[in-house]
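Just so it is clear, none of the values below were taken in a lab; they were calculated from the coordinates. If you're wondering where the values come from, they're calculated on a predicted model, not measured in any experiment. Note that each Cβ is placed from the backbone with ideal geometry, even for glycine, and that neighbours are counted across all protein chains shown.
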Amino acid sequence: MHKHNDPKHFHSKLNLNEKSSFPEKFRQFHHHRHHHGRFLQHYTYFRYLRPLGIAFTFVILYLAFYWGGNEEIGILFVTLLAVKEIIHFFLMWRLEKNIFKPMIHLKQGLDEVTKGNYTIKVKNELSSDLGIVIDAFNEMTEKLYENEKLQMEYEENRKALIANISHDLKTPITAIQGYVEALMDSSIASKENQTKYLKTIHHNAIYVNKLIDDLFLFAKLDMQKLEFQYQCTKIRSFMDDLIAEYRFDFSERNIQFYYDVLLEENVQVDLDGKRLHQAINNILNNAIQYGPAVGLSIEVIVYQQKDVVCIDIKDNGPGIPTEKLPFVFDRFYRIHRERPKETAGTGLGLAITKELIEAHGGRIILSSKLNEGSCFSIQLPIC
């Protein structure tokens, strides 16, 4: 079983239910409102009522000693009490700054999280344990926000995937249905027309079957349930055998083909031969599908760069506009949407290729210029 290292797959490992459990815990916070009220009552007392009580105590002490005939002692006691209360006030000010206000801000932040606002941040200027708690709160809201975005992206991708599958299945199935109904019509007696209709039905059936196969493979890749059989393989021998399968076919199609390996004999790559073959096959088929009908040229070069083996697959096709390059590996994306169904692919080939290459710990890079062809560069780590 392979494991994705790419960060884009990290979200598939997250427990999406975890996101909903956080707000649930915070909702429990409101079941204890009497504790919050008690805390705020204490805070109000220390901030507003206690200074009034201290002032009242000063007045009573001073009046008691003044009426008792010993004004000097009264002043002394009042002074000592004032010094004590000033020290106490300073300590309370520190307590308010470092404890009460941060806790109130933290509570306000918790209230915002219960409302679904995961962008809230609590300002923290403390280095105490409470500061660590506030930092943990801010980190938690950031993760909640990231999970929320991932959930939204997942939902959008799911809707787009369903829409694309529906469209891609409906078109060939509608065509099959139409031609079958035409064949069932006794008015079509021409053998030539019957053969033509049957070929069209067969072509669309193959397309539907290919789409289902690609969807099944992509789903297993996306869920990380596709089994890989990795082996340390001499990449030169592997590529020689793979290319030998295509030489005859390319010759039959009048495709100019060039292949070269600039590697030492013993360079090895940890790979699943079947899956890498499939990835390269998708790229070659893509070059044939969108390349010129006459004069197509394909070039495959294998070489080493530091600790990776590079497989460059170049063609002299129409190229890809710069603004479309970022979307080439997206599922169901087609560069030439105006192409007829006879030459259109499922739109999953390059997306599957990217997943397969990344499952090998490698990456694929595309460079292309309009009317100058394209180059897919596969990079695989050396054993």
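Of D129, D241, D330, the sequence from fewest to most neighbouring Cβ atoms within 10 angstrom is D129, D241, D330. The range 188-233 and the range 364-383 have Cα centres separated by 26 Å.
Among V122, V269, sorting on how many other beta-carbon atoms sit within 10 Å of each Cβ, with the fewest leading, yields V122, V269.
Applying 1/(1 + (r/R0)^6) with R0 = 56 Å to the Cβ-Cβ distance of S377 and I104, what FRET efficiency is obtained, to the nearest 0.05? The pair S377/I104 has a calculated efficiency of 0.50.
Proximity of backbone amide H atoms, modeled 1.01 Å from N, is registered between L348 and F332 at under 5 Å, excluding neighbours fewer than 5 places apart on the same chain. Label separation (D241 vs R158): 4.2 nm, computed from points 7 Å beyond Cα along the C-beta direction.
For the range 162-270, GluC sites (Glu not before Pro) are listed when DSSP marks them as loop and at most 12 other Cβ atoms sit within 10 Å of their Cβ; the list is E227, E264, E265. Between K123 and H277, the C-beta separation translates, for a Förster distance of 56 Å, into a calculated FRET efficiency of about 0.50. Considering only Cα-Cα distances, which of the following residue pairs are longer than 28 Å: K123/K149; K97/K149; K121/K159; K306/K354; K115/K159; K210/K314? Over 28 Å Cα-Cα: K97/K149; K121/K159. For a paramagnetic label modelled on I301 (point 7 Å from Cα along Cα→Cβ), amide N atoms under 17 Å away belong, within the range 254-279, to 257-264. A simple spin-label model places pseudo-atoms 7 Å from Cα toward Cβ; at M184 and L325 they are separated by 5.2 nm.
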